[in-house]
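What follows draws every value from the coordinates through simple rules; no lab data is involved. All figures in this text were calculated on a predicted structure; none of them were measured in a lab. Methodologically, a virtual Cβ is constructed for each residue, glycine included, from the backbone with ideal geometry; neighbour enumeration extends over all protein chains shown.
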Amino acid sequence: MSEQIFFKVTIDNITIEVPAGTTILQAARQIGGTVAPPAMCYYSKLQGSGGKCRTCLVEVAKGSEKDPRPMPKLVASCRTTVMDGMEVKNITSDKVIDARAGVVEFLLLNHPLDCPICDQAGECHLQDLSFDHGKSATRYEFQRRTFKKHDLGKNIQLHMTRCILCYRCVFTADQLTNKRVHGILDRGDHAEIATHIEKSLDNEFIGNVIDVCPVGALTDKTFRFKNRVWFLKPMDAHRDCPTCSGRVTLWNRGDEVYRVTARKDEWGEIEDTPEGKPGWICNTCRFDKKETSDWVIEGPRAISRQSVIAQGHYAGNVGMTKPTETFKAVNGGRTPHLLLDIHDESEVNQPQLHLGKIHGPSHGDTFNNKIENA
Amino acid sequence: MLCAQSIEKKRFYMSIQFNEQQMAECKRLIARYPEGKQKSALLPVLHLAQESFDGWLSTETMDYVASVLSIEPIEVYEVASFYSMYNLKPVGQFVFEVCQTGPCMVSGSDNIITYIQQQLDIKPGETTKDGIFTLKLVECLGACGYAPMMQVGKIYKEHLTKEKVDAIITEYRSQAAVKN
Amino acid sequence: MGVKLLLDKAHVPGIRTYDVYRREGGYRSVEKALKEMTPESIVEEVKKSGLRGRGGAGFPAGMKWSFIAKPEGVPRHLVCNADESEPGTFKDRYLMEFLPHLLLEGLIVSSFALGSNDTYIYIRGEYAWITDILEEAIKEAHANGWLGKNILGTGFDCNIHVQRGAGAYICGEETALIESLEGNRGNPRIKPPFPAIQGLWQRPTVVNNVETLASIGPIINMGGDEYAKIGVGRSTGTKLISACGNINKPGVYEIDMTISVEDFIYSDEFCGGIANGKKLKACIPGGSSVPILPANLLLKTAKGETRYMNYESLSDGGFATGSMMGSGGFIVLDEDQCIVKNTYTLARFYRHESCGQCSPCREGTGWMEKILQKIETGKGSMSDIDLLWDIQRKIEGNTICPLGDAAAWPVAAAIRHFRDEFEWHINNPELSQTSNFGLQHYADPIHVPA
């Protein structure tokens, strides 16, 4: 009875089988690389998150095997579940690229672009998003919206001007703490994260709002202006914590612990503990344990080679697989069926050679001598 | 004439609380929803609270509403700040909410708004010095066929002309005089 | 004179009270439905009638009803959408103000068809006095056995509750309305799941417009097939049009959807022509969200055929040369009106009403308003027009709910049809502050409207 049903879904011409109920975004993340749409508001560990930022919009070119009609509008991949036989276009769709560029522009419209003085710089999702999908200049010529800074207790600073209203911190407070004191006030382009009257967020797990914030709106006051993240060496460490899993990343310079964060995976989300639970960390671990002697250091944290944080530090394999020679190896053992028909594109490649039929990697030999093997 | 201190004292003693009749109405509102869904009554209860406590929702009022509905205060702040009919700042005794959207605009609401500003000597969002009138510019109130128009309390004043505006101002001035 | 199904008794003195309404034949459909029909046969009858949702989208009502999930032991709800906030639309207000029992009648029958024992009317907060009228009507209906327990001895229980909103256009969107009814901010939900599966308190819910529900009574009384004979094509039955703007007789009119737009504007039975002897310049035929049409395209389609007041004809030509029936808010603009200013006030409206949940709408509506204000005050540049076009294009279709589309369409249509007026504003920054572009769009004498 409890046999799991699997659906076949094709995203950017790569087919994968996923359990029914998986969202397009999760399926795309299983494929990895650029096939995974960016997500600014969705957070797999927070129930109900997603759907708001619209950066993960994709085109559904074929609804399912049963109902092959394409979906009329682009859909939020984080909140749309796959159907059997569904065909999705992410970066292969001009519509998606265009819409995403629009969303990036909207998100940056009132963003202060104060990256040079922002603690989030270097690990900011909005920076990454703008770099990947944005344009180099803005067409906005009006005054940008600003808010006053707020202290949310002694450890957390709210810099609303940078906020993109992803609602993640609201979900975090709802789901990790028993009493939420901050929320979204006002509406439309005046909406803001606030406590209404100055209140401090003092729940033992509230520090996690800093980790879930995709931008520099919520920052760690014990770390503010202390250092740039790319000067620090991230180290995985743990301690025996009575409150949380105690599994963290320390950000060191020399022997000094500058800050403590939860461990984040390649999508910027909190990693699961070995028991399979989200590895949220408590405020004590985050704000108060700033001595190396508080921790058992496991070793350097693997950081994506693309990240500025990895510059000059460690090579790693988070977020990007090191290129190897063969296409198959790069793509996790998958042989591409058809990515581009060179026959249509080039006279140089011999038209009688069907590239789709070449097994494994093709070399000069394939074309020069071994056509018969193709 | 009350001195500042006694006003403070009065506030303290009165502290925000529904009287018996208001509480009965509040209970009636909550009873319309299934058991455990009392948060659904939030909008109507906020209306009731606004009417009961000086026409606006102070933080104390909102905290009180939260306690009545057994929800967190932030949930009340979130909702109260979302909807345009809740005043989060003190307002005058009578609030002129003048519509400025398309259909009213094509029927000449601009002139009416300018005229009211001149007559009351206040800008939109302000309250007259005597605390009687507040002028608010609002978006479509669903009286497009009877434009230009404004809402005062529960009442719609439609087909506005300068003469009508004069009459309305006089009418509410005298009402205010009776009350005070 | 066309057929009148909703407003035929509107002018009977005292029709607002139960006694007069009943004497005039009211509540017959409840008797018929509860005693002689089953919920399934009522849904069938509504499907046959071809009734389309009167809130704006025009989705077939019977079909919507048939989607409702019926899990064992889970209550279902019918919610009446009376959050009429679309600029130009005031038909539901008229219905509720003068014929509250007509709505209740439709609500009781519909509640029976959908199995809703607790039905809610979500009315916009500003309609405070109408809330009182409805509460009074509900009291009367209770007293006369049309509401409460065991209605007409059929074992069906039904209560109707009125909840006031508090000033948010977005709550007219059905999932935002449900959120608001639950006591939350009016943020539209991400669909799926649709309300028919998980709506109010996660229970199966149908949300229908006031006019849609008021039409249920007449449909049950006359039968779906008879109802479908009125009107034309897929525009069956009668539709309320709330006409406003620069016309002689603004008001709410019931039409049977066979009348031409020209007749509707100029005949004395309806709008009575353009006010003050002016000429027609443009019209927004279905509430502020739908594309504005210049007079020539309003009266005749691009093919030169007469345009009629129905769903199909008004949308003939798509958005390139047509518009939409929408909610029936018919806004007429005369020769003295400035399209740029009109578009600006609408853009301001949508910025004000955006819930702020998703980024294209939150940021895009404000941006469009600022650019339009810039052009309107004579500070615009030519590139602003193309920029506006690009912004609206990037909002449309990319938002959680239709408010994004509703904000984009008026801007798109204004530029599409009146680009010359925008350019004139930009080229004549000073002149445009004191005078008007007028009817220069119709430089071609063939296209000058009568």
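List the aspartates and glutamates whose Cα sits under 16 Å from the Cα of A:K233, skipping any in the same chain fewer than 8 residues away.
A:K233 reaches A:D119, A:E123, A:D255, A:E256, A:E291, A:E298.
Looking at chain C, send over the antiparallel percent of its DSSP beta bridges, to the nearest 5. Don't skip to the end; give the middle numbers.
On the way: 19 of 40 bridges.
Once the DSSP bridges in chain C are tallied, antiparallel ones form about 50 percent.
Subtract the Cα-Cα distance of C:L152 and C:S381 from 0.36 nm times their separation in residues, and report this length gain in nm to one decimal.
Numbers: separation 229, 0.36 × 229 = 82.44 nm, distance 6.81 nm.
Separation in residues times 0.36 nm, less the Cα-Cα distance, equals 75.6 nm.
Return the percentage of antiparallel bridges among DSSP beta bridges fully within the range C:235-334, rounded to the nearest 5 %.
Approximately 75 percent, going by the DSSP bridge assignments.
Just add up the charged neighbours of C:F349: K/R +1, D/E -1, any other residue whose Cβ is under 11 Å from the Cβ of C:F349. Walk me through the intermediate numbers first.
Values: positive: C:R348, C:R351; negative: B:E139, C:E86, C:E353, C:E369.
Spelling it out: positives minus negatives among the neighbours equals -2.
If R0 is 51 Å, what FRET efficiency do you get for C:N428 and B:E72 from their C-beta distance, rounded to 0.05?
On the way: r = 56 Å, r/R0 = 1.09.
Given R0 = 51 Å and the Cβ-Cβ separation, E is 0.35.
Could you please tell me the mean projected area of the C-alpha convex hull for the range B:121-160, averaged over all directions and given in square nanometres to one decimal? If you can, show how the numbers build up before the last one.
Details: hull surface 12.7 nm².
Orientation-averaged projected area of the Cα hull: 3.2 nm².
Where in the range A:58-72 does the label zone of C:K191 land, with the point 7 angstrom along Cα→C-beta and an amide N cut-off under 16 Å?
It comes to A:71-72, nothing else.
Within the range A:147-162, whose backbone N sits under 16 Å from a point 7 Å along Cα→Cβ of A:I117?
The answer is A:147-150, A:158-162, whose backbone nitrogens lie closer than 16 Å to the label point.
Taking the simple approach of a point 7 Å from Cα along Cα-to-Cβ for both A:R239 and B:T59, what is their distance in nm?
Taking the two extended label points, one gets 3.4 nm.
What list do you get for C:K239, C:K303 if you sort them by fewest beta carbons within 10 Å?
Listing C:K239, C:K303 from fewest to most nearby Cβ atoms yields C:K303, C:K239.
Among the listed pairs A:K52/C:K374; A:K221/A:K289; A:K62/A:K89; C:K4/C:K32; B:K39/C:K191, which are separated by more than 18 Å between their Cα atoms?
A:K52/C:K374; C:K4/C:K32; B:K39/C:K191
Starting from the 7 Å offset along Cα-to-Cβ, what nm value, one decimal, do you get for the label separation of A:I197 and C:H142?
3.7 nm
Ranking C:H352, A:H238 by Cβ neighbours within 10 Å, fewest first, what do you get? Don't jump to the answer; show the numbers that get you there.
On the way: C:H352 23, A:H238 16.
Fewest to most other Cβ atoms nearby, the residues stand as A:H238, C:H352.
For the pair A:H190 and A:R145, how long in nm is the line joining their label points, each one 7 Å along Cα→Cβ?
1.1 nm
Which of the aspartates and glutamates could a cross-linker bridge to C:K379, judged by Cα under 14 Å and excluding same-chain residues fewer than eight apart?
A:E141, C:E369, C:E423, C:E430
Quick check: the angle from helix B:162-179's long axis to the longest principal axis of chain B, C-alpha only, nearest 10 degrees?
40 degrees
Evaluate peptide B:143-150: per residue, the Cβ atoms of other protein chains within 10 Å of its Cβ; return the mean as an integer.
Details: counts 5, 16, 18, 4, 4, 0, 0, 0.
Per residue, the average neighbour count from other chains is 6.
Any chance you could get the radius of gyration and Dmax over the Cα atoms of chain C, in Å?
22.4, 73
What full-extension length gain, to one decimal in nm, is calculated for A:N13 and A:K154 as 0.36 nm per residue of separation minus the Cα-Cα distance?
On the way: separation 141, 0.36 × 141 = 50.76 nm, distance 5.00 nm.
Difference between extended and current length: 45.8 nm.
Work out the FRET efficiency for C:K278 and C:D390 from their Cβ-Cβ distance, taking R0 = 45 Å, and round it to the nearest 0.05. Intermediate results must be reported in sequence, preceding the final value.
Numbers: r = 34 Å, r/R0 = 0.77.
Once rounded, the FRET efficiency stands at 0.85.
Excluding same-chain residues fewer than 8 positions from B:K129, which lysines have a Cα within less than 19 Å of its Cα?
The qualifying lysines are B:K89, B:K179.
Determine the equivalent ellipsoid of the protein assembly as shown by diagonalising the alpha-carbon gyration tensor, then write out the semi-axes as square roots of 5 times the eigenvalues, largest first, rounded to whole Å.
Numbers: eigenvalues 488, 267, 194 Å².
Equivalent-ellipsoid dimensions as semi-axes: 49, 37, 31 Å.
Can you tell me the FRET efficiency between B:K123 and B:E171 if r is taken as the Cβ-Cβ distance and R0 is 30 Å, rounded to the nearest 0.05? Each step should come with its number before you reach the end.
Working: r = 23 Å, r/R0 = 0.75.
It comes to 0.85.
Counting other beta carbons within 10 Å of each Cβ, put C:K32, A:K149, C:K64 in order, fewest first.
On the way: C:K32 15, A:K149 9, C:K64 22.
Going from sparsest to densest Cβ surroundings: A:K149, C:K32, C:K64.
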